Structures are given as structure tokens and as C-alpha cells.
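Q: The structure is given below, and queries will be raised subsequently.
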Amino acid sequence: MLNYNSIRTLFLILSVMFSHILLAQNETAFWFFGENAGLNFNSGFPSAVPNSQIFTTEGCSTISNKQGQLLFYSDGITVWNRNHQVMLNGTGLNGDDSSTQSAIIIPQPGSNSIYYIFTVDARAGEFGLQYSIIDITLDGGLGGVTNTKNVSLITPTTEKITAVESADGESIWVIGHSWGNNEFLAYLVSDTGLNTTPVISSIGSIHGGNTNSSIGYLKASPDREKVACAKSHGNEVQLFDFNAATGELTNPVTIANYATNTVGPYGCEFSPDSRLLYISEIIDYNNVQETSKIHQYNITLPTPSQIINSDIIIAEEDGQLGAIQQALDGKLYIAKFGQSSICVINEPNEIGTTSNYESETIFLGGETSRLGLPPFIQSYFFATNVFNNTCFGDSTEFSIDTSTTIDSITWNFGDPASGANNTSNNLSPTHVFSAPGTYNITISIVVEGENQLVLRTLTISSQPPTMDLDNLITCQSDDNATTDLTSVIPNTILNDASFILSFYQSELDATNRINGITSPSFYTTPTTNQEIYVRLENVGGTDCYSISHFEIILNTPPDIEPVEDVFFCEDINTNNSNVIIDVGSLPLPHNNYAFLWLESNETTPQITVNETGTYTVRITEISTITTDNPEGCYADRVVNVSSSSIATIDNISTTVNSAIIYTSGLGDYEYTLDDENGIYQDSNIFENLEPGIHIVYVNDKNSCGVVQQSFSIIDFPVYFTPNGDLVNDYWQVKGVSSEFQSNSKIYIFDRYGKLITQIKASSRGWDGTLNGSPLPNSDYWFSVTLEDGRVFMNHFTLKR
């Protein structure tokens, strides 16, 4: 498998193979877009251009000559010449300024004067895809639209169009997409003109339904091997293989990891080396707040799922980020709606955040960006980077065409301090720069007697230092705790904006810049000791780096009882109460640990508290306190202190066979009858009780004590047998005694109502005699008036 450096080397080899692409880039030198915005890239960086006449929401197109001199530009409706005047016959084209890619300009191969301008209507409109021909020799060299104007190719279509060179290196494929089907249309422009019979590839999703789904950019890759199609409001991007010899698209990969019910994916662009795909996504929150993301995908991965899962969000911000377009300086520029500056990706060949996205950094001279940027023949941008090895002291390598069509070449490295070595006439020279810094490289080329100038900016960086890093001592955790990997990095490095830091789990990954740790400040603490590798590189110079390493060493925090609930027993009468709380069960001796009660700052293993609340003791194992880990490994134990009290029995309500116990107090109570050591129940209700005297025991579950109280269940025997056998020899009311209902009045009558006797509640009862003589078997009556006022009358049987 090729690693990153191997790919860079292959990339430089390919730059030799496609010389015509490199030498054609100056046609992209001028851009006109948005509200009167213009940029000039001829100096190797974008500078604002005044006098632009364009005013377009989206679509636009610009073309310059091989020397980078402006020729004309258009919004798909009007064409302006290099003097910013409406071109001869340059009005009334059937594009639309609200069409994503309303126009693209294609020079006819082999001609210095003929240009095709392809226009696309908005939202599957009636005009579809049309073309017009411009002859730059008309109107005294300012150009004019010929009578070949608004010639229809197909209708309706989506708002998409792109162009890329064919396999012969001369002809140009112009690619669009029909509406209501899944047909891509590839038209070939050659030295004989436009072939109006397209190559049709019926592949991928159908573009139809809501015409908003016609919105979104279409782009070919600079190496001519891929085509990407953003389908807005359909919330998907499709990536295809492209055959530059036949014009056919194959092997779709659908990427649909975007928000729904939003604008969704809009702009798309490839990196200069064609390895990465960038997508802008506009997220509309109910037409109230709009945010945008820039996605990056690694399209060199072998499977669709790997490509989709390689998604890295390199930017997320408020507002609408629209078109993404490569420039001849090798950077990608991004339109931002309604702003006076546009955004830039400085290192678009780099994976992840090292691609170096900057928001609103390219000032438009007081004019305003909308959503669109001008598209170009995409293969113009292949092999933008023509140098390698950019560390100070390295022999920097430069590469360009070896074709015999180059008459001569002169490299000026912008390094006068290097003396005679500052220039070279070699096709692939090397140069050792005299000092770190930014250099303006000028390449003067003569091709078939025609002079061309290529400008590049190159940063030579000092070799980043290899850091001597201390190990990171931390504490093992089972709760997804995080560790800040940046804490071991010296502040002089962390605060130096000229460096980029990245963290990896292997040295190989650090070397190849793959599988990086995405959140080093919140790295999940590992469960075992782990080696971490740190790549330190210069901003803008990713082949100039150092790799350092350190080890995460884990200590184990104390094994504690994390939570305990404790109660103190309040004296209801005095409110005096306290409880001793402690650090729980710990391996002895206690002097192996440091204790800190966070609420009171006490440092003893136990403390006395007299208020309810939550008390936290931090228990630190002393042996883990080091210079690298000054807090040591600790665990927090929480003691919840609540108040409780012994119960107060307020009342006992009884019936003939049940009792309800009413209590008050601060505790949590449970109940049992007649045996303090019996089985307790949470319910305060007892049923199916035998008549007689009972004792209820009420226990506080929080260990504040047991309270007891007797009560009686009143009942009356239906017979008795006074025969001297000591069983039922006496008749007495059950549930009365000297303690319960002691003043009750109990009378016994014979069947005729004659009073026989009165018995006391405290006595054994009636023995069945009258004046010492046994009475006969019979029914007898009783009348009972209890001390609490209740009255009962009934009869019973005497049996001998």
C-alpha cells in the first residue's frame, strides 16, 4: 500500500506526464462573481479587482488567455469584455443568475479566437442546456457573440455543468445532467468544434420531482478520473468513475450523511491531487438560523463504506458556505453568502484539519460574495504543486514538463542570497534555500515561441524540534474519564501559531498522518499504559515535521465504598443530635492515604456532624502524588446524612379483631406484635387478632430505637365450664384487666333478669355460683359498660 510520501512522489511523476494541464492554468487567473466581486491570481495570490459588472446570486464564468490576461466573463445572461463593457451581441443568453452553474466557458482546442459558452437554465427551466459561440477577434479584439447563439442541446436539465480534458490531452468534455431521469450527458469539444451528439451515461440517482433538487454543483477531478455530483434538497452526493477517453461515468458511490429537510450539499470540489473530495453543506433551521459545514472525504479508500466513513468536518460556522473552487495557486476558495470576504482551504491535499481552513480571509475590496464562484476546465488544476522537500536545509525539488514542446525554461527561486544558485534552466531543478521564509517562485516558459509565466509561493520552514516529553501520569478510571494529552506539551510549543500538533497511537500512523487522535484534549483514558506519538509540523509545510513520544502511565485510585447513607437520631424534645461519619472500609494502615472532607476541610478519617446534608471525603493514595501527578490518584466517597428519631405512638384504633397503629416522628418505621424479636412489617395494620391484651413494637429502621405499647381486643366467651378441671372455669370479658378498661362495670343476670353478681375487670371472673352454691346449667345474660363508654349486652351458656 502506498503511504502518504509515496503518493506525493507519484503525484510529482504524474505532474510530468500532464504538461499541457500545468501550462494551461493561467486561463483561470481572473474570477468575477457575486455582487461586483473580482479576484486576480496572477501574482500568485488573490487580490481584489475593481469595476466588475457582474451581479449574480449563483452562476458565473470567467476566462483569461494563456498569459493570464482577462478576456471576458458572464453570468449566463450577459457577457462582459475585458474592459467590463457588455460584449458585442453579449446580452440575452438563456442562462439564469440563480442557476447553480449558469455558465462555463470552453476555448476551442487549436484555436486562439473561438470560445464556447455553455449556459444552464434554473430549476429545470425551459431553456435547459444551450451553447453560444464567441469570436474574440470581433469588435477590435474585445470579442463578440456570433450568430451561433442560444443553440439548444437538451431540455430540461439540472443546474449542473462541468468540463475536463479528454484522454487525448486536447479535446474537452463538457458534462451536464438531464432532468427527470438519471442521464449524464458528455459533449466533446475538439479542434473541429462541438459534437452535439452526447455520450449518455444512465447511472446513479434520478434527478426529478421538486425542482429544488436540480440545485448543486457538478465537478470533475483534476486528474480526469472522477466526477462528483451534489444534489441539494435531495441530501446526497454521488461520486463516479470517469473515462476520459469515452466520456462515460461508472461505479456510483452514494454519500448521504447530511442533515434532512435542509438545503443540504451544495458546493463540491476535488483537491489538486484528486485524492480528496470537499463538500459544502448548508443547514437551514426552519428558515430562522443557517449554519454550514465543510466535509472532507478520502476518495482513495478501496470501498464505498470506507470513503463515506472517512468524512471529516473541517469547518462548521454560521451562515451559508456555497461554491468551492480551486485556483491556480493550489488552494480551494469558498463563497460565503452576503460577506465581503471569502474563505480558503490553504492545504487542500492534507487530510483533516491540517488542510488549514480559514474563514473570510480573502477581502473582496468592498464588494460582496453570494453563493457562486466561476467554474473552469477542471484538469487545468492538476499538478498544481511543483515542489517537494520544504524543510530548511533540504534540497527542495521542483518538477515540470519534460515535453519537447518547451523551448526554454527559467526558474527564479526568489532567493537572491543564494547568489548564482538563485536561477536554473533545468526542467526539474533542486535548490537549497538560504534561510527559512516565504519565497516567490517565478517560472518563465517558452512553448512553441510563446512566453508563459507561472508564479508560485513557497514556504521554507525550520525543522520543528523533537520534544523531550515527560510521561503523563494519570489515574485509571472505569467511567470514560478523559485525559488531556496536550498537558505534556511545553507552552512554548502550544502557544506558537506556526506549529501544528497532532497525536497518534503508533509511530507509523504519525509518519503517514493517518488515524490521528481527533480530540487530544479529551482523550479517553486508556485501561493500560499506552505510548503516544506527537507529530509537530510547520503550518503550510507538512513535509517538515518531527515526531516525539511519551507514555501514559496509569495509577489505580483507592478502592472505596463510594456512597453511604447515615442517620443521626434527633431527640424530639431537645433537638440535640450528632453522628460520626468516616471514610468507610479501606485497606489499612490509614496513613497510606490523605483525607480531605470537602465541606469542612477536615483531614481526619472520621468527623462528627450535627446537621443533615451531603458530605464528601476525598481519599488520595499518598504514593501516587508526584510532580507529574500533583493531585495523585483519588476517589471521592459521599456520605448522605439524614435525621431520624424513635417513634411516638399517637393512637391505637381497634375493632373486634384488628388494630391500626398511628405513629409520628422523623424515622422510617416498621411494626411487630407481642415479640420484640419477631418478624417486622412495614404496614401499621394488624388483622385477624385474637381477643386479649397485645403489645405492639415500633422500630426505627434507621437504628434510633424501638418503642412499645399495649392494647386490647375486647371479646366475650359464649360459654364456660366451672367443673374444677382448670379449663374455662371462669367467665370474664376478654381484653379487660387492671390495666385496660379497669373501671368497666360487668353484671351477670339469670334468664329472668335477676341480677346474680357484679365482677371486676381485674378479677378472674364469675365461677358459676351464687352465695357459694353452684348454679345449674343454663343460659345467663351479661351487661358490660366499658371504661371508654362502650356498652355490650348478650348471653352465654354455663355447662358443667
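The values are calculated or read from the model by the stated rules, or taken from the named source; none is laboratory data. Since we're looking at a predicted model, the values are computed, not measured. Glycine gets a Cβ as well: all are built from the backbone with ideal geometry, and neighbour counts include every protein chain shown. Please note that ligands, DNA and RNA were not included when accessible areas were found on the heavy atoms of the full protein model with its side chains. Shrake-Rupley method; radii C 1.70, N 1.55, O 1.52, S 1.80 Å.
Q: Dividing the alpha-carbon radius of gyration of the range 694-788 by 2.2 N^0.38 Å (N being the number of residues), what value is obtained? Before the final figure, lay out the partial values.
A: Working: Rg = 17.5 Å, N = 95, 2.2 N^0.38 = 12.4 Å.
Working it through for the range 694-788, the quotient is 1.41.
Q: How big, in percent, is the set of alpha carbon pairs in the range 560-668 lying more than 24 Å apart? Mind showing how you got there, number by number?
A: Numbers: 2607 of 5886 pairs.
Of all Cα-Cα distances in the range 560-668, 44 percent exceed 24 Å.
Q: Want the number for I547 to E397: 0.36 nm per residue separation, take away the alpha-carbon distance, what's left?
A: Values: separation 150, 0.36 × 150 = 54.00 nm, distance 2.30 nm.
Once the chain is fully extended between I547 and E397, it gains 51.7 nm.
Q: Give the Rg/Rh ratio for the chain, taking Rg as the radius of gyration of the Cα atoms and Rh as the Kirkwood radius, to two decimals. Could the numbers behind the result be given before it?
A: Numbers: Rg = 46.8 Å, Rh = 34.3 Å.
Here Rg/Rh amounts to 1.37.
Q: If you project the alpha carbons of the range 653-703 onto the principal axes, what extent comes out on each, in Å, largest first?
A: Principal-axis extents of the Cα atoms in the range 653-703, largest first: 33, 21, 14 Å.
Q: Using the beta-carbon distance between E317 and Q85 and R0 = 41 Å, what value does 1/(1 + (r/R0)^6) give for FRET efficiency, to the nearest 0.05?
A: With a Förster radius of 41 Å, E is 0.65.
Q: Ignoring ligands, DNA and RNA, how do F392, F363, F32 rank by accessible area with a 1.4 Å probe, largest first?
A: The residues order as F363, F392, F32, largest area first.
Q: Continuing with the same structure: I'd like the accessible area for L88: 1.4 Å probe, protein heavy atoms, all chains in place, Å² to the nearest 10.
A: My reading of the accessible area for L88 is about 90 Å².
Q: What number do you get for the range 156-242 when its Cα radius of gyration is normalised by 2.2 N^0.38 Å, N = residues? Kindly include the intermediate steps, with their values, before the conclusion.
A: Working: Rg = 12.9 Å, N = 87, 2.2 N^0.38 = 12.0 Å.
The value comes to 1.07.
Q: If I measure Cβ to Cβ between cysteines in the chain, which ones have no partner under 4.7 Å?
A: C60, C229, C268, C343, each lacking another Cys Cβ under 4.7 Å.
Q: From the Cα trace of the range 488-529, what convex hull volume per residue do you get, rounded to a whole Å³? Could you put the intermediate results ahead of the total?
A: Numbers: hull volume 4.3 nm³, N = 42.
Per-residue hull volume (Cα only) is 102 Å³.
Q: State the Kirkwood hydrodynamic radius of the range 389-546 in Å, one decimal place, computed from all pairs of distinct Cα atoms. Don't skip to the end; give the middle numbers.
A: On the way: mean 1/r = 0.0534 Å⁻¹.
The answer is 18.7 Å.
Q: Taking the convex hull of the alpha carbon atoms in the range 28-112, what volume per residue do you get, in Å³?
A: Numbers: hull volume 8.4 nm³, N = 85.
Convex hull of Cα atoms, per residue: 98 Å³.
Q: Among the lysines, select those whose C-alpha is under 18 Å from the C-alpha of K226, and discard any that sit fewer than 8 residues away in the same chain.
A: Partners found: K160.
Q: Another question, if that's okay. Taking R0 as 22 Å, what FRET efficiency do you get between N451 and T137 from their Cβ-Cβ distance, rounded to the nearest 0.05? Provide the component values of the computation, followed by the final result.
A: Details: r = 21 Å, r/R0 = 0.95.
That pair, N451 with T137, gives E of 0.60.
Q: Write down the Kirkwood hydrodynamic radius of the range 299-430, to one decimal in angstroms, obtained as one divided by the mean of 1/r over all alpha carbon pairs.
A: Details: mean 1/r = 0.0555 Å⁻¹.
Result for the range 299-430, one decimal place: 18.0 Å.
Q: I've got another one for you. Between N677 and T197, what is the label-to-label distance in nm when each label sits 7 Å out along the Cα-to-Cβ direction?
A: Going by the 7 Å Cα→Cβ label model, 11.0 nm.
Q: How much of the calculated P(r) for the range 20-173 lies past 26 Å, in percent of all Cα pairs? Write out the running numbers ahead of the final one.
A: Working: 2449 of 11781 pairs.
I get 21 percent for the Cα pairs in the range 20-173 exceeding 26 Å.
Q: May I pose another question? With a 1.4 Å probe and every protein chain kept in, tell me what percent of the accessible surface of the chain is carbon plus sulfur.
A: Values: 16060 of 34580 Å².
On the chain, the fraction of accessible area on carbon and sulfur atoms equals 46 percent.
Q: What number, in percent, do you get for the relative contact order of the chain if the mean sequence gap of Cα pairs under 8 Å and at least 6 apart is divided by its residue count? Provide the component values of the computation, followed by the final result.
A: Numbers: 2150 pairs, mean separation 53.8, N = 800.
Computed value for the chain: 7 percent relative contact order.
Q: Working from Cα positions, state the angle (0 to 90°, nearest 10) between the long axis of helix 4-17 and the longest principal axis of the chain.
A: With both axes taken from Cα atoms, the answer is about 20 degrees.
Q: Measure out, as a whole number of angstrom, how far apart the alpha-carbon centroids of the range 658-718 and the range 599-631 sit.
A: 44
Q: Grab the alpha carbons of the range 626-677, take their convex hull, and tell me the volume per residue in Å³.
A: 125
Q: Hey, another quick one. Express the Stokes-Einstein translational diffusion coefficient of the range 96-157 in µm² s⁻¹, to the nearest whole number, given a Kirkwood radius over alpha-carbon pairs, 10 °C and a viscosity of 1.306 mPa s.
A: On the way: Rh = 12.2 Å.
The calculation lands on 130 µm²/s.
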